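Written out below as structure tokens is the structure these notes cover.
Coordinate-derived values only; no laboratory data. Since we're looking at a predicted model, the values are computed, not measured. Cβ sites come from the backbone with ideal geometry, for glycine too, and all protein chains shown count toward neighbours.
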Amino acid sequence: MTAMSTRAKLAVVVASAVLLGAVAAGYAATAAQAPGTPPPASDGEQPVTLAPGPRLLAITDRHVSTVAATDPAGPRTVAGLECLRVYAAAGTGICLKPETAWSYQMVVLDAALRQTRAVSVPGLPNRARVSASGRMVSWTTFVGGDSYTSSGFSTRTGILDTHTGATVASLEGFTITRDGRGYRNPDVNYWGVTFTADDNRFYATMATGGRRYLVRGDLAARTVETLKENVECPSLSPDGTRLAFKEAVDADPAKGWRLSVLDLGTMRVTATAETRSVDDQAAWLDGGTLAYTLRGDDGQPDVWTVPADGSGSSTLAIPGAESPSPLT
Amino acid sequence: MYLSTVSRPAADPPASGPRRRRFALVSGNVVALGTVSLITDVSAEMVAAVLPLYLVLGLHLSPLAFGVLDGVHTGATALLRVVGGFAADRFRRRKLIAGIGYALSAVAKLGLLLAGRSIPAIGAVIAVDRLGKGVRSAPRDALITLSTPPGALGRAFGVHRAMDSVGAFLGPLVAFAVLLVVGQSYDAVFVTSFCIAALAVVVLVLFVRERSPGDGVSDPNDPKVSVVEAFGLFRSGPARRLVLAAALLGLATIGDGFVYLLLQHRMDLGLRWFPLLAVGTSLAYLVLAAPLGVLADRIGRLPVVIGGYTALGVTYLLLAGPVDGWPLIALTLTLYGGFYAATDGVLIALAGPVLPARLRTTGIALVQTGQALAYLVSSVLFGLAWQAWGPEAAIRAAAVAVAAVLVGTLWLLASPSRLSPRRVPR
């Protein structure tokens, strides 16, 4: 090394910088040429609407779209509205969409896809849900790097009452009863809310100390209590008696999840016929059918359906779509 | 530009006296190491900034599955850090070991491209990245101590850490600039990050020197450092007390996440502003690192370290205390950044002269590992205290713990003849 003069060394550094810069720029140039998502124009014939009817709502290429419930693989109506996650009920929609290049917002939509409220949310969109009456909306985002283990991820789950505008930005302030006793821990995370018919009670996932619990919450009282372990992303059936959820295989999320149904009367769990790992909050299309997103090895999503009672087999419903919701 | 300010390391053993120190800028090797750290941190923070986006929106993975192996990684990194430090001393190849660490992290950036959607593969790549970080820091800090006169160590570490944080600051900006230019191509960010990290390795290879003349440790005829000799560090009074003190001080830290969480609790801060708390702390760190390093050379390193941990204790009290609103945020983040500035580099500056030059990398690795493991313990204890007593009582208990740790540290280290060989007469 001593043989090299400082000038020679500097020349090598500059040459390396130019070379490496060219590599980076060249790669970026080819990456930028890759086809982006063309914004699908709104279909001329009929606009997307959230009004109740025999249609399914889903996201196609990051845009809100609907298909006929009887022919989900058939013609699709695509709106110009860009969402990463969507859900709707009784003419009210929730859409988690980009706000700037690196921030996201939750918007409440009316039946004509007009924005009625918008709330900036921290982190990255994950789950969204509307109560059956269309009054309550809830969302979950992933937040990186602020968990106290410093490298882990945490979640934030919020709830908004669209009638009063009352907002709970995060469930983390709720009083917790775990296994009958009071509990608190800074590592508590919530995700995947599903509302009951009274628009006050809800079910959700609470994670703490490496365990994941099904909790029942009371919005007015700001409380949650644990009901069962290893139940994630609950989704309440239209009759309010069963919860579809994802159950971690061997209680270890690293092994994937089995889409299952919990009977709230007997607390018995029935696995559905879907054997592939489902990482989604399922939607009830009717009293007996679940819809959910599955991704191929290339990350491309498809919407599948499966009977909720464990019978039958899964069926591809909407190819190339994600985030399904019935329009009820 | 900086090359013109390089002061050649003195051929004679560094003179001891305030007159000489006034002239001593930081040595060329420190500037070179600072430049390598700056460039590497741009690369590392680029990836850190976009990794959540990539995992959640790019790959649609459920990132909650990632935390599982965290403890295992931390333990393995701690062990390998000490092994790497010992190897650096034994073969007198500190630059080589540091270079391997930097190269590992650079390669890990490309690994992200190859890992695809496999969670185990991504976890392995992240582990390699962290391993590189763990392996390189002790030999790098040892090189800084070996290329700097003992009287200017505070300044040298201050400058190095300030350059390091500038890189950490620029990283996210570069990452988002790349994303703006190429759209949502995270791969382009990883490739750019790799290229930047590779440039840092080039700078290291060309400009960082293994030895400076007169460091007194490089006689090839010296017997090699043995494992027995390394264990001897624990028998020598000053070195043992230093490692103990470092671990003890580590027990005083509860971790950034908790501090920001408590701040957010107190303030009812909009959740989307949460990431800015870390930015505020880094800013205070960046600004204060060099001045506090210089101060440590003037008044002694131990007083500055003690002052830093006092700032940490006051930070905890503020989180439980009467101040509210924006003053609370400004005070807390300034003090918390000041804590880092007064302790991170200064502690190594304090340790350097106490550790025999032959075993310096091993010693520094032990100091850093002791701190890391103690922090792991204290963060778990703090979590338990929070569960049992609630956040306010837990943070008050943490403040009390800081006071106790300070008393213990003073008891261990406040022996001027051993630990402050270069006390400046008043």
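Look at the Cα gyration tensor of the stretch B:226-293: its axes a ≥ b ≥ c give a/c of at least 1.5 with a/b over b/c, and that counts as prolate. Each DSSP beta bridge with both residues in the protein assembly as shown is either parallel or antiparallel, and the antiparallel ones are about 95%. Going from the residue with the fewest nearby Cβ atoms within 10 Å to the one with the most, B:TRP273, A:TRP284 rank B:TRP273, A:TRP284. Computed 3J(HN,Hα) for the stretch B:252-266, one whole-Hz value per residue from the Karplus formula 6.51 cos²θ - 1.76 cosθ + 1.60 where θ = phi - 60°, is 7, 8, 9, x, 4, x, 5, 4, 5, 4, 5, 4, 5, 4, 5, glycine and proline marked x. With the simple spin-label model, which puts each label point 7 Å out from Cα in the Cβ direction, the A:ALA220 to A:SER313 separation comes to 4.9 nm.
With no solvent and one equal point scatterer per Cα, compute the Debye intensity ratio I(q)/I(0) for the stretch A:55-174 at 0.22 Å⁻¹ and report its log10, rounded to two decimals. After summing over all Cα pairs, the log10 values are -1.25. Mean projection of the Cα convex hull over all viewing directions, computed for the stretch A:235-317: 5.3 nm². Sorting A:ASP199, A:ASP280, A:ASP263 from the fewest to the most surrounding beta carbons within 10 angstrom yields A:ASP263, A:ASP199, A:ASP280.
I'd like the projected area of the stretch A:272-319, averaged over all directions, using the convex hull of its alpha carbons. Report it in nm² with one decimal. Over every viewing direction, the Cα hull of the stretch A:272-319 projects on average to 3.2 nm². Using a 4.7 Å Cβ-Cβ cutoff, the cysteines of the protein assembly as shown lacking any partner cysteine are A:CYS233, B:CYS195.
Centre-to-centre separation between the Cα atoms of the stretch A:227-257 and those of the stretch A:80-117: 26 Å.
The HN-Hα couplings worked out from phi for the stretch B:282-295 by the Karplus form 6.51 cos²θ - 1.76 cosθ + 1.60 (θ = phi - 60°) are 4, 4, 4, 4, 4, 6, 8, 4, 5, x, 5, x, 4, 4 Hz, whole numbers, x standing for Gly and Pro. DSSP beta bridges fully contained in the stretch A:79-225 are about 95 percent antiparallel.
Computed over the Cα atoms of the protein assembly as shown, pair by distinct pair, the Kirkwood hydrodynamic radius stands at 28.0 angstrom. For A:ARG212, nonlocal amide neighbours, meaning residues 5 or more places apart or on other chains whose placed amide H falls under 5 Å from its own, are A:ASN230. Please find, in a Gaussian network model of chain A (springs between Cα atoms separated by less than 10 Å), the residue of A:ARG117, A:ARG129, A:ARG85 whose mean-square fluctuation is greatest. Its mean-square fluctuation being the largest, the pick is A:ARG117. Does the stretch B:253-353 come out rounded, prolate or oblate, given a ≥ b ≥ c as the square roots of the eigenvalues of its C-alpha gyration tensor, rounded meaning a/c under 1.5 and, failing that, prolate meaning a/b above b/c? Because a/c hits 1.5 or more and a/b exceeds b/c, the stretch B:253-353 counts as prolate. FRET efficiency for the pair A:ARG117 and B:ARG93, taken as 1/(1 + (r/R0)^6) with r the Cβ-Cβ distance and R0 = 56 Å, rounds to 0.35. Taking a label point 7 Å from the Cα of B:ALA393 along the Cα→Cβ vector, which residues of the stretch B:309-327 have an amide N closer than 20 Å to it? Residues passing the 20 Å test: B:316-322. Spin-label model, B:VAL323/B:ILE299: points 7 Å from Cα along the beta carbon direction are separated by 1.9 nm.
Among the lysines of the protein assembly as shown, pairs that are 8 or more positions apart or on different chains and have alpha carbons within less than 24 Å of each other number 8. Is the shape of the stretch B:68-180 best called rounded, prolate or oblate, per the rule: a/c under 1.5 gives rounded, else a/b larger than b/c gives prolate, else oblate, with a ≥ b ≥ c the square roots of the Cα gyration tensor eigenvalues? Cα axes put the stretch B:68-180 in the oblate bin. Could you give the Stokes-Einstein D for the stretch A:186-328 in µm² per second, using the C-alpha Kirkwood radius, 37 °C, 0.692 mPa s? Result for D is 213 µm²/s.
Dividing the radius of gyration of the alpha carbons in the stretch B:327-369 by their Kirkwood radius gives 1.23 for Rg/Rh. Please report the base-10 log of the normalised intensity I(q)/I(0) for chain A, using a Debye sum with one equal scatterer per alpha carbon and no solvent, at each q in 0.12 (1/Å). Log10 of I(q)/I(0), two decimals: -0.82.
The local environment of B:GLY321, defined by Cβ-Cβ distances under 10 Å, has a net charge of 0 under the rule Lys, Arg +1 and Asp, Glu -1. Principal axis extents of the C-alpha atoms in the stretch B:299-378 (largest first, rounded to whole Å): 51, 32, 14. Each of A:THR116, B:THR332 was scored by other Cβ atoms within 10 Å of its Cβ. Arranged with the fewest first, they read A:THR116, B:THR332. With both labels modelled 7 Å from their Cα along Cα-to-Cβ, the A:GLU229 to A:VAL23 distance reads 4.9 nm. Per the Debye formula on identical point scatterers at the alpha carbon atoms of the stretch A:101-228, with no solvent, log10 I(q)/I(0) at q = 0.19 Å⁻¹ is -1.08.
With respect to chain A, whose longest principal axis is taken over its alpha-carbon atoms, helix A:6-33 is tilted by about 40°.
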